[in-house]
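S.K.: I'd like to ask some things about the structure below.
The values are calculated or read from the model by the stated rules, or taken from the named source; none is laboratory data. None of these values were measured; they are calculated from a predicted model. Here Cβ is always computed from backbone atoms with ideal geometry, including for glycine, and neighbour counts include all displayed protein chains.
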Amino acid sequence: MPRIGKHRPHAFAALWRQLGIPADYAKVRRMPMQHEARRLGVIGRAPDDHRPVRLSPRAATAWRRMRDAAQQDGVELLPMSGFRSVSRQTRIIRQKLTEGQNIADILQLAAAPGCSEHHTGRAVDVGSLDDPNLDENFARTAEFRWLKKHAARFGFHLSYPRKNPHGIAYEPWHWCWRA
């Protein structure tokens, strides 16, 4: 995998070409190149496969504070996915291509390798006990309503609202921490 450099999509040119990702993807989509987190802490386990969900240390601290505040309000925030390496992002996209999906459709739901906020260890996909699927139905849950009202207090924001400039579909479950 290429090393991630700040604003260096050319480092990913060969990989993107292999995957069918346009060379100007980052510029057109206004998707900044993201650095991979080097230090991570576990914030929970994914309910589907019980793999550890990891965030960078400061994002993990903010997550725990936010999760605890939500619990005090009777809302349980489920961490479904956190840090994702460039290699993992690449495998996800390759798997979808193998399943017959086209790259344009894939890039509406997943950022190109090198551009995913998950690489930073600051992004977390949040689920609900009532609806653990990562889909638009999450927007109808008490967890989403709580996040909309309170997440900013803890430094988290919704990265992909409806009609976002990045060409990513509405993802009410995807929240990113910003210091």
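S.K.: So how many residues does the range 101-117 have that are under 12 Å from Tyr25 (Cβ atoms) and acidic (Asp, Glu)?
M.R.: 0
S.K.: State which residue is surrounded by the most Cβ atoms within 10 Å (Cβ to Cβ) when the search covers only the range 151-179 and only residues that are aromatic (Phe, Trp, Tyr) and out of contact with any strand residue (DSSP E or B) (no Cβ under 7 Å at 6 or more places or on another chain).
M.R.: This residue is Phe154.
S.K.: Would you point out the residue of the range 115-150, among those that are over 23 Å from Gly167 (Cβ atoms) and touching a strand residue (DSSP E or B) at 6+ places or on another chain (Cβ under 6 Å), that is modelled with the lowest pLDDT?
M.R.: Within the range 115-150, the match that is modelled with the lowest pLDDT is Gly127.
S.K.: Continuing with the same structure: Output the number of residues of the range 154-179 satisfying the condition of being over 19 Å from Asp105 (Cα atoms) and free of Cβ contacts under 8 Å to residues at least 40 places away in the same chain.
M.R.: Going through the range 154-179 one residue at a time, the tally reaches 2.
S.K.: What number of residues within the range 129-138 satisfy the criterion of being surrounded by fewer than 22 Cβ atoms within 10 Å (Cβ to Cβ) and within 16 Å of the chain's Cα centre (by Cα)?
M.R.: Summing the residues that are surrounded by fewer than 22 Cβ atoms within 10 Å (Cβ to Cβ) and within 16 Å of the chain's Cα centre (by Cα) in the range 129-138 gives 5.
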